[in-house]
Every structure is written in C-alpha cells, then in structure tokens.
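> Let me give you the structure first, and then I'll get to my questions.
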Amino acid sequence: MDISGKRMVENLKAIDYVRLSGTEGETKAANYIAEKIRELGAEPVIETFDVPFYTIEKVKLEALEPFYKEYEVTGYGFSGNNAKDGIEAELKYLEGFDDLSLQNTEGKIVLFVGGINAGIFEKLIKAGAVGFIGVCGSYLDKKGTFDIEERMLREQHLVNGVIPGVCVHVNDAVAMVDKGVKKVRLTLSQNETTAKSRNVTTFIKGTTYPDEIVSITAHYDSVVFSHGMFDNGSGTVNNLEMLRYYLKNQPKRSLRFVFCGSEERGLYGSRAFVDQHPDEVKQTRLCCNVDMTGPVLGRDIVRITGEDKIVHAIDYYAKVNGHGATVYQDTYPSDGMPYALCGVPAVNFYRKAAEGTTNIHSRNDTLSRITAKSLESTGKFIVEVMNTIINAEVFPFDRKLPENMEQKTKTLLSNMPGYKDKDKESSNSQAKK
C-alpha cells in the first residue's frame, strides 16, 4: 500500500510553524495544502469564513500589598477592556465555587485553579468579582522552558456580562497565596474583532456510487506558541497521503476532503463547511476524522460517534488484521461533531500517546515527538479500514445516530462558541406562534 511516512514527515516540515486561527500562519498553511492538492492532480477550493479574533495590547498583574511585585501573565481573550486603566482590588483565593467559597467576593479579584466554564463565570459575576486570575502549568516547569497559556472566553461565557481576566503560572500563584498578597492591580486592554479563517477542500467522484459521499476531515490550525506537529499537523499530512492514495486508487464512493481551519477555537471550520454545504451533507454517509498520529509509544484509538455496529465492525477488522487498536462508542471534540449533529456518523481516528511522550497545546508539540514509521503504521490502518467501507457493495452503516450519541453531541457542541440548538430554536419559534 502506497502510504509513506517519509512523505508525511516532509509535509510536516513544510508547516512547522504556528498556525493560529485567523493569522498569517494559518493562511500560509492553507495555501501550502492547496498547492499540494494541486500537485497531486486534484482541484483545491479555499473557502473563507469569519472567526472571533482578539489582540492583547497590554496586560499586567501587580501585587500591591503587603509588598510590590509584578508577575508574568497572559490576558484572557474577549474578557473586555474594563481594566484598561488598571483595577486595584483585594485578592481572594477561591478554593471552590460553592456558595460558601463565594461569600465576600464582591469587589475583589479572585484567583482559582482549573478551568472556567460558562456556569462558573456566571457565578463569579453574580458574586460581584471585578476580575479573575486563572492558573496554568506545573510546579516542575523550569523558567524559560514553558509558555503561560493564552486562554479566551467564548460567547456562552458572556451572556451575563464580562470581567477582565489573566492567567498566571502555578508557581507564582502558590507564592501569591503563601506570602499573603492582599491587594493587586490587574491591567488588561485588547482589541476584539473578527478575522478570516479558511477551509481547504477537494473532491474525488466515486466510480460506482457517486451520490454517496464519505467526508475525510482533519484540522490544520494550531494554538498560540505551538507548532502543532502532533495536534494536528500529523492528521493533516495523513489526509494528504489518503488523498494521494485515492487519486491513484479510484474509490467506489465519492470522497470529500476537508482540511479545516480554526478547530482549536471551537470547530469553526467544520461547522462552517456543514453550514455552507447542506445539500452535500445530506448525501454524506460517514465522516472520517483524523486528529493526532505519529508518536512511537502509544495506542491507536477509534472513537465512534455512531451506532454500535460500526464499533463492532471496525473492532473486528482490527483484530482480524492484527492491528492493535481500541475501538469504542463516544463523542470526540473535533471536526466530526458538526457532521454528527446533522445525523452523519463520525469515525474519529487518533493515536493516544503514552504519558510523558508528547505535550500538545504548547511549545513542546514539535516534530521530534513524531516518527515516519509510526505515522505510516497508523496511516495504513486508517486507509485499510476506510477501504472496506468506501468500496463496499452496499454501504454497511445507516446514516443516523443512536439517541445517546445524538444527545452527547448536542451537549458537547453546546460548549462551543456560537452554537445554537436548532431543534430548541424551532420549538421556541412554534411556541411563540
């Protein structure tokens, strides 16, 4: 089978830079993918869409009492400009977000560990917090070897208002609490706007069942600071290899390749594609999404957002052909989910790296963590599995989701920016009539 790990590595080298949503890096990668598609003999199409975009102009966190110290921080995107001239307030460490922990929070800047979902953000606003400090990193981090995470709020956070926030390294957070910092000044100004992101697509017409489509997706964007070789340069180059293979080995069913932009910001690329191509999505029988391959130590995973019989079929195939893989039913927070929301089953392939061997969403997601041999092994497995489906005499799976997967998909997507439950909107509209 002509699937080459060496070619994949060469393509990875060509996109070995930060490819953040809405930036020149992402555009450069989209143009490279389009160029490779054209070299392979297919016709690329670049489709643009708008994404939320912010630029932090000034960010600072200072301890004021009982001593002065400035801390290295990053600003939360879309947390507004209320602190552009600096907010001075008492610091409060929140051990939790229960009613007891939130007592006496009004007028204070709060520090907490962990993520901040929409529910927690609403509690902070209702409790009267005037700013917040999130925490990232590990106490094992050595100065100069890490970046403080750059985080952002999403639309669902902002329903009840906005307060400014920054992110600080855990070692500084520990010192602030341990040394009894009582008063801080938080300064944050940013430009909040929109930018253009891009999907790169191409199409191979099926020889026997051209009206039945299988969509093959992978996102090519990365996060700030990260070259994203594992997440998800690896999936991108895997799908370029799949495109090469199917151009030489014409499939019975039509294939739509979608190289998605802005996945890391909330699946914007795949959501834009299904919104822009509703008629094609109705003809789509399955989505194959590839998200992270290539580490030597680890195990291939196939996560099925679909019926049990898809799980059983792929698990059977893996065992019969001697390829170690874990196959199970679940949602997966990547580009297959907008398809699943439309009733298209999604088969999500990825390689779960052994602990300590990779580090995504950081400067450490580098090409050195990936090998051609591992890329090729997983790539061949994916093509072998997909061949049995794409070239079946009768499509083996129904175009539907079981109720449990449908509900889990809606729940997962409800945490994405701009998500609207169309069934709920329709129901509300009917009720108003």
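> Tell me the residue from Leu186, Leu255 that is among the aliphatic types (A, V, I, L, M), closer than 30 Å to Pro66 by Cα, buried (at least 20 other Cβ atoms within 10 Å of the Cβ) and over 14 Å from the mean Cα position of the chain (by Cα), please.
Numbers: Leu255 fails: closer than 30 Å to Pro66 by Cα.
Only one candidate qualifies: Leu186.
> Another question, if that's okay. Give me the pairs: first residue in segment 201-221 and outside any strand (DSSP E or B), second residue of a type in the set (Phe, Trp, Tyr), beta-carbon distance under 6 Å, and six or more apart or on different chains, which are they?
Matching pairs, first to second residue: Tyr220/Phe259.
> Can you confirm whether segment 139-159 contains a residue that is touching a helix residue (DSSP H, G or I) at 6+ places or on another chain (Cβ under 9 Å) and aromatic (Phe, Trp, Tyr)?
yes
> Could you figure out which of (1) within 25 Å of the chain's Cα centre (by Cα); (2) under 30 Å from Arg256 (Cβ atoms); (3) of a type in the set (A, V, I, L, M, F, W, C) isn't true of Val73?
Unmet for Val73, out of (1) within 25 Å of the chain's Cα centre (by Cα); (2) under 30 Å from Arg256 (Cβ atoms); (3) of a type in the set (A, V, I, L, M, F, W, C): (2).
> Yes or no: Leu91 in a strand (DSSP E or B), out of contact with any helix residue (DSSP H, G or I) (no Cβ under 9 Å at 6 or more places or on another chain) and in contact (Cβ under 8 Å) with a residue 12 or more places away in the chain?
Considered against the rule, which asks whether it is in a strand (DSSP E or B), out of contact with any helix residue (DSSP H, G or I) (no Cβ under 9 Å at 6 or more places or on another chain) and in contact (Cβ under 8 Å) with a residue 12 or more places away in the chain, Leu91 comes out as no.
> Taking the residues in segment 9-32 that are over 21 Å from the mean Cα position of the chain (by Cα) and among the aliphatic types (A, V, I, L, M) as candidates, determine which candidate is surrounded by the most Cβ atoms within 10 Å (Cβ to Cβ).
Val9
> Quick check on my filter: what residues within segment 396-407 are in a helix (DSSP H, G or I) and crowded, with 18+ Cβ neighbours inside 10 Å? Steps first, answer last, please.
In the first step, residues of segment 396-407 are kept if they are in a helix (DSSP H, G or I); the result is 403-407.
Residue satisfying the conditions is Met405 alone.
> Mind checking whether some residue in segment 156-174 is in a strand (DSSP E or B), surrounded by 19 or more Cβ atoms within 10 Å (Cβ to Cβ), in the same structural domain as Cys288 (by TED's automatic domain parsing) and modelled with pLDDT of 95 or more?
Applying the first criterion (in a strand (DSSP E or B)) to segment 156-174 yields 165-169.
Cutting the leftovers down to surrounded by 19 or more Cβ atoms within 10 Å (Cβ to Cβ) gives us 165-169.
Narrowing further to those that are in the same structural domain as Cys288 (by TED's automatic domain parsing): none.
No: zero hits.
> Out of Thr388, Thr371, Thr326, report the one residue that is surrounded by fewer than 18 Cβ atoms within 10 Å (Cβ to Cβ), free of Cβ contacts under 8 Å to residues at least 40 places away in the same chain and not acidic (Asp, Glu).
Values: Thr388 fails: free of Cβ contacts under 8 Å to residues at least 40 places away in the same chain; Thr371 fails: free of Cβ contacts under 8 Å to residues at least 40 places away in the same chain.
Matching residue, one of Thr388, Thr371, Thr326: Thr326.
> Another question, then. I want to confirm something. Restricting to segment 260-299 and keeping residues that are under 24 Å from Tyr32 (Cβ atoms) and of a type in the set (D, E, K, R), which single residue is modelled with the lowest pLDDT?
To start, the set of residues in segment 260-299 that are under 24 Å from Tyr32 (Cβ atoms) comprises 260-273, 276-277, 287-295.
If we keep only those that are of a type in the set (D, E, K, R) as well, we get 263-265, 271, 291.
Values: Glu263: 97, Glu264: 95, Arg265: 92, Arg271: 97, Asp291: 97.
Ranking the qualifying residues of segment 260-299, first place goes to Arg265.
> Please verify whether Thr378 is among the β-branched types (Val, Ile, Thr), within 29 Å of Ser222 (Cβ to Cβ), outside the structural domain of Ile148 (by TED's automatic domain parsing) and not in a loop (DSSP other than H, G, I, E, B), treating the condition exactly as stated. Lay out the reasoning, then the answer.
Values: among the β-branched types (Val, Ile, Thr): yes; within 29 Å of Ser222 (Cβ to Cβ): yes; outside the structural domain of Ile148 (by TED's automatic domain parsing): yes; not in a loop (DSSP other than H, G, I, E, B): yes.
In short, yes.
> Next question. Output yes when any residue across segment 350-363 is in a helix (DSSP H, G or I), assigned by TED's automatic domain parsing to the domain that holds Ser254 and touching a helix residue (DSSP H, G or I) at 6+ places or on another chain (Cβ under 9 Å), and no when none is. Spell out the reasoning first.
Quick first cut of segment 350-363, residues in a helix (DSSP H, G or I) only: none.
No, that holds for no residue.
The values are calculated or read from the model by the stated rules, or taken from the named source; none is laboratory data. Owing to the predicted nature of the structure, the values given are computational and were not obtained by experimental measurement. Every residue, glycine as well, gets a Cβ built from its backbone with ideal geometry; the counts of neighbours run over all protein chains shown.
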